[in-house]
Each structure stands twice: as structure tokens, then as C-alpha cells.
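A quick write-up on the structure given underneath.
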Amino acid sequence: MKLVFAGTPEVAVPALDALIASDRHEVAAVITRPDAPAGRGRRLVASPVAQRAEEAGIEVLKPARPRDEDFLARLREIGPDCCPVVAYGALLPRVALDVPARGWVNLHFSLLPAWRGAAPVQHAVIAGDEMTGAATFLIEEGLDSGPVYGVVTERVRPADTSGDLLTRLAFAGAGLLAATMDGIEDGTLTAVPQPADGVSLAPKLTVDDARIDWRAPALRVDRLVRGCTPAPGAWTVFRGERLKLVATALDPERTDLAPGTLAAGKNDVRVGTGSHAVELLWVQPQGKKPMKAADWARGVRIAPGERLDPAPDTA
């Protein structure tokens, strides 16, 4: 088939590579989000998908909006049979969905209908799911509601951050997307409607969502830290400034600390929660690089009984 691939971030690059490597399909063009400011100089930088496509000599389309007439005219000119999508980052209007004869097929990083939305991996980690995966489905105008072509499963490991899990799913999903294109082309795959039961939503996490409530159980705190790593980054407040939590571990033996109360040893830092303690492994003070929590504690000289933000304002 002639394909036009839509995607933007680094996590979409393995799928693009898999399709470029296929001897059964032609990636005629790539659709991605417009160049965005990055780095300290806020210089405009092309997306990872755009950079990979340019390296491969593939035409790159960067519409400000997928309903722009110039973009739609060029898409019709190319005449794709199918448009595979991985984390493109913009809603596709009906007028665009109607262009390819075999539709737009999305690689989504959950086992649909679980975790429909922009942040399925983060929500799976935060919820404590033991198993997740990726699914390919035919895009409809609803939110990740289209019929499913295929799935792969992936175990959520106890120490996984959302970044760890998403990296594994990106590569497993790349193979699934390529196989889905093969099955659509040769007629061996039929999309199956999603069940009505088991639907859960995974909206994009905000900075407020990532704020630690130390009254919560330790397991919930640890999952939030892992689910928000690398983005948006779990955080708390220390002496009036934000402190990002990069990595934590559970310490079920320590139960004497009140929520938010710090206890710094020679080589460790623990903080109380609504159940048992959590050990801080890596932190990132405001305006600084990540550092070992023990080094941070020595530098700030934590006073006995000093606390992190014990309870976010719920007013």
C-alpha cells in the first residue's frame, strides 16, 4: 500500500522505521506537527518524526491544522491507501479521515477500551495496572473508540516509570503496526468493535495532577512519581520552592513518620506518607539538575521534624 504516516514525538519513530523497512509498503509522505521552540534559545526545531523522515528522503507535511485546505489538497494528490498514526498530536477532521480508501489506523499504547486518551501509559502506571499493551484501531471521530485490528501485551514491571514502559511499547507497537498494515493489504485482518464495558479515560496529566499528597498511602505516592516520570514530573514543596521527585522507593518498615515529615540519614532520605515511609532516591531542586536525594539533604541541612508540603491546598 501507499502510506502517509502521521506522528510527532520520539516514541513514534520506531513505527516509522518499521514501515520504511517494509518491502510491502511505500511511505510516500509524513505528517507531523509544525516546528516548535526548544532549548534555552527557544529555537524552532523539527519534530523527531520530521527529522527521521528528512533523513530518509521522505516528503514532510507540517500543517498548522489538519483541516487546512492546502494540506488536504496535497494529501489528495498523494492519494494514500492508508494512513498509519502514532502520537500525531492533533484531531483529524472528517474531511481528512475520508481521504485514504482504507482509513487512518492508530497505534495506541493501551489495551483498548482501557485508557482512551492522551496519556494511557502514565495512567496505567499510576493506577497500578499489572498488564498493559498496545492496540491498532481504525480511527473514527470518537475518542479512541474505533474497531481494533490487533493488540500486543506488555507486563508493567514494579519499578517501571512511564518513560520505561512507553519505550518498550514503542518498539513492540512498531511491529504490531507493520503487521496490521500487512493484514489490511492482504485482507486477512478485520477490525473488531471495542466492547462497551471496561472503558477508562486517560486525559493528559497536568502539573497540578503531578503534585504529591503526602497523606496518600506510600504505594500511591510511588506510583504517581513513576507515572509522572519523565513528564510532567511529580513534585512537592520544600521551604517554599518546588522540589521534583525523580525516583523513589517503598520502605514498609518505617511507619513512625507523619505525612510529609523528612528523616535524613547519612546516605538516605525518607519521608512519611499516609501509610509507611517512602525513600527519596533522586530529586531535582528548582532551577537545578537532578541529584541524589542524600546529597540534596546534606546541602540543605534538613532540620529535625522538617516537613515537605504535607497536604496540597484543596480549597
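The values are calculated or read from the model by the stated rules, or taken from the named source; none is laboratory data. The structure presented is a predicted model; accordingly, all values stated were derived computationally and were not measured. Heads up, the Cβs are rebuilt from the backbone with ideal geometry, glycines too, and the neighbour counts pull from every protein chain shown. Please note that ligands, DNA and RNA were not included when accessible areas were found on the heavy atoms of the full protein model with its side chains. Shrake-Rupley method; radii C 1.70, N 1.55, O 1.52, S 1.80 Å.
Helices in the chain that qualify as membrane-span-like (whole DSSP H runs, Cα extent of at least 18 Å along the helix axis, mean Kyte-Doolittle hydropathy of -1.0 or higher) are 162-186. Building the convex hull from the alpha-carbon atoms of the range 1-68 and averaging its projection over directions returns 5.0 nm². Our Cα-only numbers for the range 230-315 put the radius of gyration and Dmax at 12.1, 38 Å.
Over all pairs of different C-alpha atoms in the range 113-262, the reciprocal of the mean inverse distance, the Kirkwood hydrodynamic radius, equals 17.2 Å.
Using a cut-off of 27 Å between Cα atoms, the listed pairs Lys266/Lys289; Lys62/Lys244; Lys244/Lys266; Lys204/Lys266; Lys204/Lys292 include Lys62/Lys244; Lys204/Lys266; Lys204/Lys292 as exceeding that distance. For the range 30-118, the Kirkwood radius over C-alpha pairs fed into Stokes-Einstein at 4 °C and 1.567 mPa s yields D = 89 µm² per second. Along the axis of the charge dipole computed for the range 1-121 (Cβ charges of +1 for Lys and Arg, -1 for Asp and Glu, origin at the Cα centre), the listed residues Gly117, Leu92, Val60 are led at the positive end by Gly117. Across all C-alpha atoms in the range 77-195, the radius of gyration and Dmax reach 14.4, 49 Å.
DSSP beta bridges confined to the chain are antiparallel in about 70 percent of cases. The GluC sites (Glu not before Pro) of the range 131-203 meeting both criteria, a DSSP state outside H, G, I, E and B (loop) and at most 12 other C-beta atoms within 10 angstrom of the site's C-beta, are Glu141.
Remark: spin-label model distance Met291-Thr188 equals 5.7 nm, labels positioned 7 Å along the Cα→Cβ axis. How high is the FRET efficiency from Glu253 to Ala172, r the C-beta distance, R0 51 Å, rounded to 0.05? Calculated transfer efficiency: 0.90. Ligands, DNA and RNA are left out, and with a 1.4 angstrom probe the accessible area of the range 36-77 is 67 Å² per residue. The ellipsoid equivalent to the alpha-carbon distribution of the range 115-160 has semi-axes of 22, 13, 6 angstrom, derived from the gyration tensor eigenvalues as √(5λ) and listed largest first. 3J(HN,Hα) along the range 31-47: 10, 8, 6, x, 3, 10, x, 8, x, 5, x, 6, 6, 5, 10, 5, 5 Hz, from the Karplus curve 6.51 cos²θ - 1.76 cosθ + 1.60 with θ = phi - 60°, whole Hz, x for Gly and Pro. Give me the base-10 log of I(q)/I(0) for the range 1-153 at each q in 0.08, 0.11 Å⁻¹, Debye formula, one uniform scatterer per Cα, rounded to two decimals. For the range 1-153 at q = 0.08, 0.11 Å⁻¹, log10 I(q)/I(0) is -0.23, -0.43.
Calculated mean residue ellipticity, 222 nm, the chain: -7500 deg cm²/dmol, from DSSP H runs (n ≥ 4) at -39500 (n - 2.57) each, averaged per residue and rounded to 500. To the nearest 0.05, how large is the calculated FRET efficiency for Leu143 and Arg24 if R₀ is 30 Å and r is the Cβ-Cβ distance? About 0.45, to the nearest 0.05. If the segment from Glu241 to Lys62 were pulled out straight at 0.36 nm per residue, it would be longer than the present Cα-Cα gap by 60.6 nm.
When peptides 30-41, 202-213 are sorted by average Cβ neighbour count within 10 Å, with the highest value leading, the order is 202-213, 30-41. Relative protection proxy for 191-201, 218-228, from highest mean packing down: 218-228, 191-201 (other beta-carbon atoms within 10 angstrom). Modelled spin labels at Asp98 and Val199, positioned 7 Å past Cα toward Cβ, are 2.5 nm from each other.
Measure off, as a whole percent, the carbon and sulfur share of the 1.4 Å-probe accessible area of the range 160-315, all protein chains present. Whole-percent figure for carbon plus sulfur exposure: 54.
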